[in-house]
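Trainee: Would you mind keeping the following structure in view while I ask a few things?
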Amino acid sequence: MNALFRSDETEPLTITTHTCQGFPVTAVHGEIDMCTEELFCVVLKQQLANKPSVLVVDLRGVTFLGSSGIHVLLAGHTDAQLIGTRFAVVANQRAVLMPLSVTGLDLVFDLHHDLHEALRVHAA
């Protein structure tokens, strides 16, 4: 499974999906704001429709996370809980960690600084 989702040229967001060590990974690159939230939401819903045991959302390539993006992450987390899927978020840069910290979502999400760490934790 390897898919590429790209917003139009005025909306700088690229989302790739692939499987790593048996787990689905959604990697996001660019800005997540009200112009790109719909694409992000659609991709997360598509991934969750497969009812994986774990969904890893890799945000290390995100350069801006606005309130719309935070809302999509929270909705994805909630949807995952409803179907019994663990929702892991990978982030290691200020553009993502600061908004998650300010909103308290860093304490809600299964947050990792490294993709391999997230995969290792969920493989156990």
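The values are calculated or read from the model by the stated rules, or taken from the named source; none is laboratory data. Quick caveat: nothing in here was measured; it's all calculated off a predicted structure. Every residue, glycine among them, receives a Cβ derived from its backbone with ideal geometry; neighbour counts consider all protein chains shown. Ligands, DNA and RNA are excluded from the accessible area calculation, which covers all protein heavy atoms including side chains. Shrake-Rupley method; radii C 1.70, N 1.55, O 1.52, S 1.80 Å.
Trainee: In whole percent, how big is the carbon plus sulfur part of the accessible area of the chain, probe 1.4 Å, protein atoms only?
Mentor: 56 percent
Trainee: In nm, to one decimal, how far is the modelled label at residue 49 from the one at residue 63, with both set 7 Å along Cα→Cβ?
Mentor: For residue 49 paired with residue 63, the spin-label model returns 3.0 nm.
Trainee: Now, a different point. Express the accessible area of the chain per residue in Å², computed with a 1.4 Å probe while the remaining protein chains stay in the model.
Mentor: Heavy-atom SASA per residue in the chain reads 51 Å².
Trainee: Taking the dipole about the Cα centre of the chain, with the C-beta of Lys and Arg at +1 and of Asp and Glu at -1, give me whichever of 102, 81, 15 is farthest to the positive side.
Mentor: 81
Trainee: Ok, one more. What distance in nm separates the simple spin-label points at residue 71 and residue 42, each placed 7 Å from Cα in the Cβ direction?
Mentor: Result: 1.8 nm between the two label points.
Trainee: Something else about it: If you build the convex hull over the alpha carbons only and average its shadow over all orientations, what do you get for the chain? Give it in nm² to one decimal. Let's see the in-between values first.
Mentor: Numbers: hull surface 26.7 nm².
Result: 6.7 nm².
Trainee: Let me ask another. Given labels modelled 7 Å from the Cα in the Cβ direction, how far is it in nm from residue 95 to residue 107?
Mentor: 2.7 nm
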